[in-house]
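The values are calculated or read from the model by the stated rules, or taken from the named source; none is laboratory data. This is a predicted model, so every value here is computed, not measured. Here the Cβ positions follow ideal geometry from the backbone for every residue, glycine too, while neighbour counts run over all protein chains shown.
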Amino acid sequence: MLNLLTSQQTRDVDAHAISSKLISSLDLMEAASVAFLKEFENEVSDKKIPTSIYCGTGNNGGDGLAVARLLIGNGYKNINVKIGRFSDKSTQDFDTNLERLKLTGIRITELSDIVLPPEETSEVIIDALLGSGLNKAVEGKLKELIDHINSLHKKVISIDVPSGFPSEGNISADATVIKATLVISFQRPKINFFFPESGNVFEKFKFTPIGLNEDYIQSLESSWKLVAEDDIKLLLKPRKTFSHKGTYGHALIIAGNNETMGAALLCADACLHSGAGLTTACVPKSGFYALNTRSPEIMTMARNNFI
C-alpha cells in the first residue's frame, strides 16, 4: 500500500530530497515537468494543436514554464504562455525557468494589467496557476481569471492539482476552482482526489513518479493509504493441487427477509466467489426460489428451522 501525503508531508519529502543533496529544487522541478510531458503526450498527441499554458508566479507556475519549454523542444508548434502576475512575488525557480523560456523566443503574455485575458483560441489549456500549497480561498483578479478559464469550456489539463483545489481538508462547494479534464499529479495523488466533492472539479487524474525517495515516503506516518491490485493479490492464498470443496471450509450466511432478499443474494454470491468451499444461506423459505435460480451452488436452510 502506498502512503498518501498531506501538503506538509509533500513539502517535507521535497525538502528531504533537496537537503540530502539528491537533487536541487530546480532539477526537481525539471523532473516533474518531464514526467508531466510524458503523460501529456499520451493525452494530446497532435503537436499542431493550439495550447495555452496559464502560469502563476509560484513553483506550480515554474512547472508550467518548464513544461512550455519542453513542449517546444519536443515539436509542439502552437504553444502560448500567459502569466497571471497579480503580485510582486515570485519564486526563484519560477524566475529561472522564465529566463530559460525566453531563450526559445516564445511569445509570453503578462496578465497583470487586465482583468481578463484576450480571446482564447487555443483548444487545450494547461493549468499551472496554483499548486498544492494553497491555504486560502482564491480572490481578486486570480479568481476572475479562473472563472474566465472555466467559462471557455476547453480541454484543461492541470499540473499536480487543479488551481484553487485544496489537496486536503474541507472542500467548499462554492470555492473558485479550475474545472479540469485531467489532473497529472506528481509522485502521489492528493488525498482529496478520493472524495466525492472532487467529481465536480475534474474528470480523471493520473499520478506519475518524479524520482522522489520512495523508502522515505513509505517511512512516514500516514492515516491514508492507496490500495492497489497487487496489494489485494497478496491476500489470496494459493489453492492446493488436489483438493475439493470441503477443503476450503463451510460458510453460513443468516440474512434476508420475506420481501427483501437482495442483500442475502449478494452476500451469498460474494461468499461463494471469495473462496468458501461450501456456502449455506439461512433465509426465509420465500427466498429459496430466487436463491436457487440465481446461484444453484449455494445450499439453503429455512429460517424457521434455525431461529
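Scanning the range 55-103 for residues that are among the acidic types (Asp, Glu) and surrounded by fewer than 22 Cβ atoms within 10 Å (Cβ to Cβ) returns Asp88, Asp95, Glu99. Give me the residue from the range 226-266 that is touching a Leu at 6+ places or on another chain (Cβ under 8 Å) and loosely packed, with under 11 Cβ neighbours inside 10 Å and, out of that set, farthest from Phe194 (Cα to Cα). Out of the qualifying residues, it is Gly246. Among residues of the range 256-280 that are part of a helix (DSSP H, G or I), those with a beta-carbon under 6 Å from a residue that is of a type in the set (Lys, Arg) and surrounded by fewer than 19 Cβ atoms within 10 Å (Cβ to Cβ) at least six positions away or on a different chain give the pairs Leu265/Arg294. Among the residues of the range 168-187, the one identified as under 10 Å from the mean Cα position of the chain (by Cα), in contact (Cβ under 8 Å) with a residue 40 or more places away in the chain and within 17 Å of Leu134 (Cβ to Cβ) is Phe186. Starting from the range 286-305, take each residue that is farther than 17 Å from Glu259 by Cβ and free of Cβ contacts under 8 Å to residues at least 24 places away in the same chain and list its partners that are assigned to a helix (DSSP H, G or I) and aromatic (Phe, Trp, Tyr), counting only C-beta distances under 8 angstrom and pairs at least six apart or across chains. Taking only residues 6 or more apart or on different chains, the pairs are Thr300/Phe288.
Of all residues in the range 191-223, those satisfying the criterion of being closer than 22 Å to Ala17 by Cα and touching a residue at least 60 places away in the same chain (Cβ under 8 Å) are Ile191, Thr208, Pro209, Ile210, Gly211, Leu212, Asn213, Tyr216, Ile217, Gln218, Leu220, Ser222.
Looking across the range 225-255, the residues that are outside any helix (DSSP H, G or I) and of a type in the set (Gly, Ala, Ser) come down to Ala228, Ser243, Gly249, Ala251, Ala255. Put simply, of Ile49, Ile18 the only residue that is surrounded by fewer than 16 Cβ atoms within 10 Å (Cβ to Cβ), closer than 25 Å to Leu182 by Cα, among the β-branched types (Val, Ile, Thr) and in the same structural domain as Ile191 (by TED's automatic domain parsing) is Ile49.
None of Thr279, Thr260 is within 40 Å of the chain's Cα centre (by Cα) and at pLDDT below 90 except Thr260. The criterion of at least 3 residues that are closer than 28 Å to Lys155 by Cβ and modelled with pLDDT of 95 or more is met by the following helices (runs of 4 or more DSSP H) wholly inside the range 1-107: 25-43, 59-73, 92-102.
When the range 32-65 is filtered for residues that are of a type in the set (A, V, I, L, M) and in contact with a Leu (Cβ under 9 Å, 6 or more places away or on another chain), the ones remaining, listed by number, are Val34, Leu37, Ile53, Leu65. Apart from one condition, Asp160 fits all of (1) surrounded by fewer than 19 Cβ atoms within 10 Å (Cβ to Cβ); (2) under 27 Å from Leu5 (Cα atoms); (3) not aromatic (Phe, Trp, Tyr); the exception is (1).
The combined condition, being assigned by TED's automatic domain parsing to the domain that holds Ala251 and buried (at least 16 other Cβ atoms within 10 Å of the Cβ), is fulfilled by Gly287.
Taking the criterion of being within 18 Å of Thr57 (Cβ to Cβ) and either modelled with pLDDT under 90 or over 21 Å from the mean Cα position of the chain (by Cα) (or both), the residues of the range 117-137 that qualify are Pro117, Ser132, Gly133, Leu134, Asn135, Lys136.
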